[in-house]
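The values are calculated or read from the model by the stated rules, or taken from the named source; none is laboratory data. No experiment lies behind these values; they were computed from the predicted model shown. Don't worry about glycine lacking a Cβ; one is built from the backbone with ideal geometry, like all the others, and counts go over all protein chains shown.
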Ligand SMILES: [Zn+2]
């Protein structure tokens, strides 16, 4: 970030010179501006590995940023993504790069290492929240992650473009404020459903489930889905028993990580009348990070209420909830 800022200061100094000095200095300034990080009025080129981070950068940077998001298709499994030469090219021109880390997007660190750039600032969400490879990597579902990412992004934008600090500050305040309804919804669900047992086909919603206080079951099965490995026969049997005997109130289904086995669990949940809710890893088109989270929390609330009304899970509810960790 420092290098990035100092390049910009260089461009600014050159610009000041051009206003006061002779033609030679003007020519030099013009060269600096057209070949520097970006001209004073050009947009800041940003690459986000995932489109929800790209969305947040866009909200914080407004018309001062030009954002490219790499993972943006909610119909593909991001865990199986492989970077293309197109991805590498986008990175070459980026002044700011934001990615998840914690092994969610290992291709990103590789590409960055292969194209070193002194003018590039990098923000890794996992570093901001103290997570690493092996932890549940779906960090954007933790309500505590995005405020930290937003602050770091805003700081980087101010460092790159200090002339517009007041606009970035205002955008940050507005963004942080816009997260309040999400926190309120999480608190509301927590008050009603803390300790209720649920299960999921993949750990994408894990941090949000933890925030709501739900007791998440079948974690090993979920990790196998995520890592594209085979779940053990015992883990599959336990999952099926939870659904058949309605030991869980809701099945959370990741519609971006589907295979024969997860589809089978979805079908079994439907047959057993266990309410299901579908979640995605990638932000769907037409949504913002905020509306996406709110929609999914609403869907969770509906599913939990349906499980409630059907009288499901009477046996499990009498068992004290295990302090469920997502990982
Ligand atoms: Zn996932």
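All of (1) within 14 Å of residue 149 (Cβ to Cβ); (2) surrounded by 23 or more Cβ atoms within 10 Å (Cβ to Cβ) hold for residue 94 with one exception: (1). The set of residues in the stretch 186-208 that are more than 16 Å from the ligand (Cβ to nearest atom) and either more than 18 Å from residue 275 (Cα to Cα) or not in a helix (DSSP H, G or I) (or both) comprises 186, 187, 188, 190, 191, 194, 195, 196, 197, 198.
Taking the residues in the stretch 259-283 that are over 17 Å from residue 303 (Cα atoms) and in contact (Cβ under 8 Å) with a residue 12 or more places away in the chain as candidates, determine which candidate is farthest from the ligand (Cβ to nearest atom).
Step one: list which residues in the stretch 259-283 are over 17 Å from residue 303 (Cα atoms), which gives 259-264, 281-283.
Narrowing further to those that are in contact (Cβ under 8 Å) with a residue 12 or more places away in the chain: 259, 261-262, 281-283.
Details: 259: 13, 261: 15, 262: 12, 281: 5, 282: 10, 283: 14 Å.
Looking at residues that are over 17 Å from residue 303 (Cα atoms) and in contact (Cβ under 8 Å) with a residue 12 or more places away in the chain, I get 261.
Within the stretch 95-105, identify whether any single residue is closer than 22 Å to residue 158 by Cβ, assigned to a loop (DSSP other than H, G, I, E, B) and not assigned by TED's automatic domain parsing to the domain that holds residue 208, and answer yes or no. Lay out the reasoning, then the answer.
Going through the stretch 95-105, the residues closer than 22 Å to residue 158 by Cβ turn out to be 95-99.
So of that shortlist, the ones also assigned to a loop (DSSP other than H, G, I, E, B) come out as 95.
In the following step, the residues that additionally are not assigned by TED's automatic domain parsing to the domain that holds residue 208 were identified as 95.
Checked the stretch 95-105: at least one residue is closer than 22 Å to residue 158 by Cβ, assigned to a loop (DSSP other than H, G, I, E, B) and not assigned by TED's automatic domain parsing to the domain that holds residue 208.
Just wondering, is there one or more residues in the stretch 67-79 that are farther than 15 Å from residue 282 by Cα, within 16 Å of the ligand (Cβ to nearest atom) and touching a helix residue (DSSP H, G or I) at 6+ places or on another chain (Cβ under 9 Å)? There is no residue in the stretch 67-79 that is farther than 15 Å from residue 282 by Cα, within 16 Å of the ligand (Cβ to nearest atom) and touching a helix residue (DSSP H, G or I) at 6+ places or on another chain (Cβ under 9 Å).
Filtering the stretch 217-233 to residues that are in contact with a helix residue (DSSP H, G or I) (Cβ under 9 Å, 6 or more places away or on another chain), more than 13 Å from residue 136 (Cα to Cα) and either in contact (Cβ under 8 Å) with a residue 24 or more places away in the chain or more than 16 Å from the ligand (Cβ to nearest atom) (or both) leaves 217, 218, 228, 230, 231, 232. A count restricted to the stretch 130-148 and to residues that are surrounded by 18 or more Cβ atoms within 10 Å (Cβ to Cβ), more than 16 Å from the ligand (Cβ to nearest atom) and assigned to a helix (DSSP H, G or I) stands at 1. Looking at the stretch 84-103, can you tell me whether even one residue there is without any contact (Cβ under 8 Å) to a residue 40 or more places away in the chain, more than 16 Å from the ligand (Cβ to nearest atom) and closer than 18 Å to residue 52 by Cα? Scanning the stretch 84-103 turns up at least one residue that is without any contact (Cβ under 8 Å) to a residue 40 or more places away in the chain, more than 16 Å from the ligand (Cβ to nearest atom) and closer than 18 Å to residue 52 by Cα.
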